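Participant: Dropping the structure in here first, questions after.
The values are calculated or read from the model by the stated rules, or taken from the named source; none is laboratory data. Keep in mind that what you see is a predicted model, and the values were worked out from it rather than measured. Heads up, the Cβs are rebuilt from the backbone with ideal geometry, glycines too, and the neighbour counts pull from every protein chain shown.
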Amino acid sequence: MDQRERTLLEAYSRGEMTAIELRRRLDGATYGEVLQRLAEAGLKLPRAPVAGREERIALARSWMFPHDRRA
Amino acid sequence: MTGALRIFVVDTGPLITLAVARSLDYLLFVDADIIIPDAVLHEATRDAARLGAQDIIDWVKAHRVHIEIAPTKAYEIYDAARATMPNLREPDLGERAAVEVIEEPDRLQGDERGVLLCEESAVLKRVVVRDRARIVELSTLDFLRILEAEQRIQSAERVFEAAEEAGRVASRVSRLDAQDAATRAAIRGLVKRRDGDDVP
């Protein structure tokens, strides 16, 4: 793994790059390959929040579990 | 299949992440029909050949009552082309197939709603405007966090840790290309025509 690839993976892991953008920059790598390259680099899957996420979660939760008024 | 909510798995990320974490059953913890476009299943099983493709196939077979593998023209054309170009790759095949499925006229009828489960996708931007109000995109992690909040699973974080651990193990195993033909045949066997007949 060269430094360029590691830099890209680190940016993805920090949530600074989308998976689509990462896969494009890695010459069309598949999601499974991304998962393995992250593991090889000792990096985590991204957990960072994205814009509008909380609203989407609340809406989806109310649809998935309509009995639950906490959503 | 019944229910007012449909979960469309529109890219490979959720299937691979949950499969390698041995957590595919979590998709069944919601009272909803699950729809997987044939091309997405193909890409996930092909991509996950070294991560557990057979697990995905077996899981779909075991839960056919709740899971529909939706046939698409996009995959049909791709599959035919691969007869002469075995190494053909179409990066946006799954996305095109997902759009095709979601936009079928008899999907999301009445007050039915759809959750697009994806790692990230531009699918929603390509869906016709009339459907956007009843469709929401959700990442695998956020789906898991909802289950955790509803106390259906213990920890979303633990699933991701398991997926990351599987990635480390899988990196030492070579791809089993010989599985590809068998995987494609299995997908053909799982595809259901909209009229209810199995695709031969």
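Participant: Exactly one condition in (1) of a type in the set (Phe, Trp, Tyr); (2) away from chain A (no Cβ under 12 Å); (3) under 25 Å from B:Ser155 (Cβ atoms) is false for B:Phe29; which is it?
Facilitator: (2)
Participant: Would you point out the residue of segment A:4-59, among those that are more than 9 Å from chain B (Cβ to nearest Cβ) and of a type in the set (S, T, N, Q), that is surrounded by the fewest Cβ atoms within 10 Å (Cβ to Cβ)?
Facilitator: Result: A:Thr7.
Participant: On to the next question. Going residue by residue through segment B:75-88, is there one that turns out to be closer than 26 Å to B:Asp25 by Cβ, without any contact (Cβ under 8 Å) to a residue 40 or more places away in the chain and touching an Asp or Glu at 6+ places or on another chain (Cβ under 7 Å)?
Facilitator: From segment B:75-88, those closer than 26 Å to B:Asp25 by Cβ are B:75; that's our starting set.
Now drop any that are not without any contact (Cβ under 8 Å) to a residue 40 or more places away in the chain, which leaves B:75.
Narrowing further to those that are touching an Asp or Glu at 6+ places or on another chain (Cβ under 7 Å): B:75.
Yes, because at least one residue in segment B:75-88 is closer than 26 Å to B:Asp25 by Cβ, without any contact (Cβ under 8 Å) to a residue 40 or more places away in the chain and touching an Asp or Glu at 6+ places or on another chain (Cβ under 7 Å).
Participant: If you go through segment B:87-100 one residue at a time, how many are modelled with pLDDT of 90 or more and in a loop (DSSP other than H, G, I, E, B)?
Facilitator: Qualifying residue count, segment B:87-100: 0.
Participant: Does segment A:7-33 hold any residues that are of a type in the set (Asp, Glu) and outside any loop (DSSP other than H, G, I, E, B), and which are they? Break it down stepwise before answering.
Facilitator: Just the residues of segment A:7-33 that are of a type in the set (Asp, Glu), to begin with: A:10, A:16, A:21, A:27, A:33.
Matches in segment A:7-33: A:Glu10, A:Glu21, A:Glu33.
Participant: Name the single residue that is nearest to the chain's Cα centre (by Cα) among those in segment B:55-91 being exposed (fewer than 13 other Cβ atoms within 10 Å of the Cβ) and within 14 Å of another protein chain (Cβ to nearest Cβ).
Facilitator: B:Arg89
Participant: Which count do you get for residues in segment B:142-164 that are within 17 Å of B:Val115 (Cβ to Cβ) and among the aromatic types (Phe, Trp, Tyr)? Even if it seems obvious, please write down each step before you answer.
Facilitator: So the first thing to find is which residues in segment B:142-164 are within 17 Å of B:Val115 (Cβ to Cβ), and the list is B:142-150, B:152-153, B:156.
With the extra rule that they be among the aromatic types (Phe, Trp, Tyr), the set shrinks to B:143.
Going through segment B:142-164 one residue at a time, the tally reaches 1.
Participant: I've got another one for you. Restrict the check to segment B:101-122 and report whether at least one residue is assigned to a helix (DSSP H, G or I), within 16 Å of the chain's Cα centre (by Cα) and either among the acidic types (Asp, Glu) or modelled with pLDDT of 80 or more (or both). Give the steps one after another, and end with the answer.
Facilitator: We begin by selecting, within segment B:101-122, every residue assigned to a helix (DSSP H, G or I); these are B:101-102.
Cutting the leftovers down to within 16 Å of the chain's Cα centre (by Cα) gives us B:101-102.
Remaining after also requiring either among the acidic types (Asp, Glu) or modelled with pLDDT of 80 or more (or both): B:101-102.
Checked segment B:101-122: at least one residue is assigned to a helix (DSSP H, G or I), within 16 Å of the chain's Cα centre (by Cα) and either among the acidic types (Asp, Glu) or modelled with pLDDT of 80 or more (or both).
Listed here are the residues, each with its yes/no results for (1) part of a helix (DSSP H, G or I); (2) at pLDDT below 90; (3) of a type in the set (Asp, Glu).
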residue: B:Ile7; (1), (2), (3): no, no, no
residue: B:Ile35; (1), (2), (3): no, no, no
residue: B:His42; (1), (2), (3): yes, yes, no
residue: B:Asp55; (1), (2), (3): yes, yes, yes
residue: B:Trp59; (1), (2), (3): yes, no, no
residue: B:Tyr78; (1), (2), (3): yes, no, no
residue: B:Met85; (1), (2), (3): no, yes, no
